[in-house]
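Working notes for the structure below.
The values are calculated or read from the model by the stated rules, or taken from the named source; none is laboratory data. These numbers were taken from a predicted model, which means no experiment stands behind them. With ideal geometry, Cβ positions are generated from the backbone for all residues, glycine too; neighbour counts draw on all protein chains shown. Each accessible area value is taken on the protein alone, full model and side chains, heavy atoms only, with ligands, DNA and RNA left out. Shrake-Rupley method; radii C 1.70, N 1.55, O 1.52, S 1.80 Å.
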Amino acid sequence: MTVHSPIDPAATIDADPAPRRSTVGVGVGNIMVGGGAPVVVQSMTNTDTADIDATVAQVAALAKAGSEIVRITVDRDESAAAVPKVRERLDRLGVDVPLVGDFHYIGHKLLADHPACAEALAKYRINPGNVGFKDKKDRQFGAIVETAIRYGKPVRIGVNWGSLDQELLTRLMDANNELPQPRSARAVTREAIVQSALLSAELAEEIGLGRDRIILSAKVSQVQDLIAVYRDLSRRTNHALHLGLTEAGMGSKGIVASSAAMGILLQEGIGDTIRVSLTPEPNGDRTREVQVAQELLQTMGFRQFLPVVAACPGCGRTTSTVFQELAQKIQSDIRINMPIWREKYPGVEALNVAVMGCIVNGPGESKHADIGISLPGTGETPAAPVFVDGKKSVTLRGPDIAADFQVMVADYIERRFGSGQASE
Ligand code: SF4
């Protein structure tokens, strides 16, 4: 029989991501992006910005859900005129989340005609693919950059696969055709995306905008392309990077694609801020994209936003719905209460709760959590041991196991994170 040493020297024992790539930090309102700051979660509204009530409500909801920066569409005079009013209303509500204006085609004009909008926004997003065409392109791009300099604002130069600078792409395609062994059209397109971001950043810097005022993004809709583009971008510049898979899609498809692409990049130390672009269901909740972004960062160990509930998947041993209902109830209680808990219980986001379906892994997993319950599986005695800080505390019985456990979780939070917390 082979006797294994306790740790095989050849085994991979590190379980950490690569160090974060060093980037130049950019202040967006009161939020730092890059420069070693924690990866920032951001989102975008889907209201008509000219509808002030709806926009204020959605920005406030996104901020409450944890979005640290919120982007709004500024597509015409009415929306540009609404921006300072939206800002004012949010300030009155105590919502200080920085607002980013998303400009396309006429951003230079809207910013010039609406100085209060230029002032109220914390950042301007410019898409170099549709800032103007031919000789107007550099002039209009330059006008936005000059506005940013005048108002002391940063910009995001946000290249998008769907609106790529066609003149640049054509130039690169022509040059590629001259090569003895031309690269694929897809590879040339990726190169055009990266170059569009880098050349635009170079131009902005020549005009006088500091690198500490420029964030870059280069969004595509395919996972492998996104990984390749950002690896390349990160190798070629130290600008702060905004990650996001564009047109990620709806439901689980969008969540999986965004998580797969951004998870790999974040693991490699690439990315200073993320947005998960989910298509909501009709009348769906826009804050879902914030939740997914937070869960991605927390699952990978980059940040802690809210307590983690570990639950087993359930199996043939959990034929009643008690277990699913309790896991869901605890999870939604946490999400609902978190805005209050964040203030009242500093550090509560580090809490681990386990809700397990039966005796097989229940006691073991519950012991690893701060507080965990092992519910009785089918055929087991109807008793549920609760473990607190790794030790068995009580055994709950009867019809109110779920409610009793919820009370225990609330008591634990008060005891450990409340102002009169017990010393350890
Ligand atoms: S802990 Fe029990 S109920 Fe949960 S998956 Fe494992 S065996 Fe099934």
Query raised in the report: To the nearest 20 debye, what is the magnitude of the charge dipole of segment 177-278 about its Cα centre, counting +1 on the Cβ of each Lys and Arg and -1 on the Cβ of each Asp and Glu?
Result: 300 debye
**Report entry** Share of Cα-Cα pairs in segment 231-332 lying beyond 20 Å, as whole percent
**Finding:** 52 percent
Query raised in the report: What list of ³J(HN,Hα) couplings, whole Hz, do you get for segment 284-289 from phi and the Karplus terms 6.51, -1.76, 1.60, once you set θ to phi - 60° and write x for glycine and proline?
Result: x, 8, 5, 6, 4, 5
Query raised in the report: Which listed residue (ILE215, LEU296, THR273) has the Cα farthest towards the positive end of the charge dipole for the chain, taking +1 on Lys and Arg C-beta and -1 on Asp and Glu C-beta about the Cα centre?
Result: ILE215
**Report entry** Between segment 82-122 and segment 286-316, the alpha-carbon center distance in angstrom
**Finding:** 32 Å
Query raised in the report: Once you treat every alpha carbon in segment 308-416 as an equal point and sum by Debye, what is log10 I(q)/I(0) at q = 0.09, 0.16, 0.20, 0.23 Å⁻¹?
Result: -0.20, -0.64, -0.99, -1.29
Requested in this report: As a check on your grasp of the helix formula, calculate [θ] at 222 nm for the chain: sum -39500 (n - 2.57) over DSSP H runs of n ≥ 4, divide by the residue count, round to the nearest 500.
Outcome: -14000 deg cm²/dmol
Report summary line: Residue-normalised value, i.e. accessible area per residue, for segment 26-300 at 1.4 Å probe, in Å², stands at 40 Å²
Query raised in the report: Quick one: length gained pulling ASP51 to ALA15 fully straight, 0.36 nm per residue minus the C-alpha distance?
Result: 8.2 nm
**Report entry** Lysine pairs within segment 308-416, Cα separation less than 22 Å, 8 or more sequence positions apart or different chains
**Finding:** 4
Requested in this report: Would you kindly derive the ³J(HN,Hα) couplings of segment 383-393 from the backbone phi angles with the Karplus curve 6.51 cos²θ - 1.76 cosθ + 1.60 (θ = phi - 60°), listing them in order in whole Hz, with x for Gly and Pro?
Outcome: 9, 10, x, 10, 10, 10, 6, x, 10, 5, 9
Query raised in the report: For GLU247 and ALA403, what is the calculated FRET efficiency with R₀ set at 45 Å and r taken between the beta-carbons, to the nearest 0.05?
Result: 0.55
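What share of the DSSP beta bridges in segment 308-416 is antiparallel, in percent to the nearest 5? Can you show the working numbers first?
Values: 9 of 17 bridges.
The antiparallel proportion sits near 55 percent.
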Query raised in the report: What is the distance, in nm, between label points placed 7 Å from the Cα along the Cα-to-Cβ direction at ARG76 and at ARG171?
Result: 3.4 nm
Report summary line: Once the dipole of the chain is set up from charges on Cβ (+1 Lys and Arg, -1 Asp and Glu), the residue from the list ILE144, SER252, THR47 lying farthest towards its positive end is ILE144
Query - Separation in nanometres of the label points that stand 7 Å from Cα toward Cβ, at LYS64 and PHE302 - result: 2.6 nm
Query raised in the report: Within segment 231-247, what residues put their amide N at less than 18 Å from the label point 7 Å along the Cα-to-Cβ vector of ALA260?
Result: 231, 244-247
Query raised in the report: For the chain, which whole-number percentage of the solvent-accessible area (1.4 Å probe, protein heavy atoms only) is attributable to carbon and sulfur atoms?
Result: 53 percent
Report summary line: If unit charges are put on Cβ atoms (+1 for Lys and Arg, -1 for Asp and Glu) and the dipole of segment 26-300 is taken about its Cα centre, the option from GLN58, THR73, VAL100 lying farthest towards the positive end turns out to be VAL100
Query raised in the report: Which value, in Å to one decimal place, does the Kirkwood hydrodynamic radius take for the chain when every pair of different Cα atoms is included?
Result: 24.0 Å
Query - Percent of beta bridges antiparallel (DSSP, the chain, rounded to nearest 5) - result: 25 percent
Query raised in the report: Relative to the first principal axis of the alpha-carbon coordinates of the chain, what is the inclination of helix 77-93, with its axis defined by its Cα atoms, in degrees from 0 to 90 and to the nearest 10?
Result: 40 degrees
Report task. Quote to one decimal, in nm, the extra length available between TYR105 and VAL360 on full extension: 0.36 nm per residue of separation minus the C-alpha distance between them. Result -> 85.8 nm
Query raised in the report: Setting aside same-chain residues fewer than 8 positions from LYS85, which lysines have a Cα under 20 Å from its Cα?
Result: LYS64, LYS109, LYS123, LYS153
Query - Length added when fully stretched, ASP96-GLN267, from 0.36 nm per residue minus Cα-Cα - result: 58.5 nm
Report summary line: For the chain, the dipole about the Cα centre with charges only on Cβ (Lys and Arg +1, Asp and Glu -1), to the nearest 20 debye, works out at 240 debye
Query raised in the report: Any idea what angle helix 401-417 forms with the longest principal axis of the chain, computed on alpha-carbon atoms, 0 to 90 degrees, nearest 10?
Result: 60 degrees
Query - Helix 322-344 vs. the chain, principal-axis angle (Cα, 0 to 90°, nearest 10) - result: 60 degrees
Query raised in the report: Just how large is the dipole of segment 308-416 about the Cα centre, in debye to the nearest 20, putting +1 at every Lys and Arg Cβ and -1 at every Asp and Glu Cβ?
Result: 140 debye
**Report entry** 1.4 Å probe accessible area per residue over segment 308-416, in Å²
**Finding:** 53 Å²
